[in-house]
């Protein structure tokens, strides 16, 4: 019986998910399994997607719908509820259940990458669903973090604050970009931070994987920082999605 899986998001042309799952289905001889990309202009379009796509068994969710999608689900896993963001949906007997695999995938990739010292501080750039998953992972790692937003909100730093106080960047040896700035095709864009305050003691992680070296990572690398993109995280969360869809 044909089974369809796919990715929903505002823009999905950058995604490697289809390539990843197409290869997986081929390797495992699952000839009736297909993975599709579903760009949605608004999250409301999920209603017609669910109605019109026969055999739909699971979805991944990307920017900007990881939080907005929750109201369309019948059930949300406890961990995803705690984070407030969903990036995997299991569809069974017409019911939709949401999960979050981003946080665990980020945790596993960052935990083995960082030095073992425990007093590291972090800056998280962005406030969306991916940011929330990263925040949860850093709590688990006992890493103090501050979240940076374009808008001035209680409890958040702004990019202007980073400009005014260079120690915020200097003393935060882990910097994580969770925004879509720099993602293909807009590869010239990047978060507005001063790279002069970044050095060899910094670990700079960009959740974007297409392109492999964003402008953000290139600038950090020029300052001798250690850099990492989101490809390993994508692969991990994809495998975790597969376990959920088949459990």
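Give me the percent of DSSP beta bridges within the chain that run antiparallel, rounded to the nearest 5. List each step's numbers first, then the result.
On the way: 8 of 40 bridges.
Roughly 20 percent of the DSSP beta bridges within the chain come out antiparallel.
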So how long is each side of the stretch 1-93 along the principal axes, counting just the alpha-carbon atoms, biggest first, in Å?
-> 36, 29, 26
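How big is the C-alpha Rg of the stretch 103-147 next to the rule-of-thumb value 2.2 N^0.38 Å, as a ratio? The partial results should precede the final answer.
Values: Rg = 9.9 Å, N = 45, 2.2 N^0.38 = 9.3 Å.
Cα Rg divided by the expected 2.2 N^0.38 Å: 1.06.
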Rg (one decimal) and Dmax (whole number) from the Cα set of the stretch 103-232, in Å, equal 13.3, 37
Over the stretch 103-232, what relative contact order in percent results from Cα pairs under 8 Å that are six or more residues apart?
-> 21 percent
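Which three semi-axes in whole Å describe the equivalent ellipsoid of the chain, each the square root of 5 times a Cα gyration tensor eigenvalue, listed largest first? Can you show the working numbers first?
Details: eigenvalues 216, 66, 56 Å².
Listed largest to smallest, the semi-axes of the chain are 33, 18, 17 Å.
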Nearest 10 degrees, 0 to 90: helix 129-140 Cα axis against the chain principal axis = 70 degrees
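Every read-out reported here was derived from the displayed coordinates using simple, explicitly stated rules and does not represent laboratory data. As the structure is a computational prediction, the values presented were derived from the model and not from experiment.
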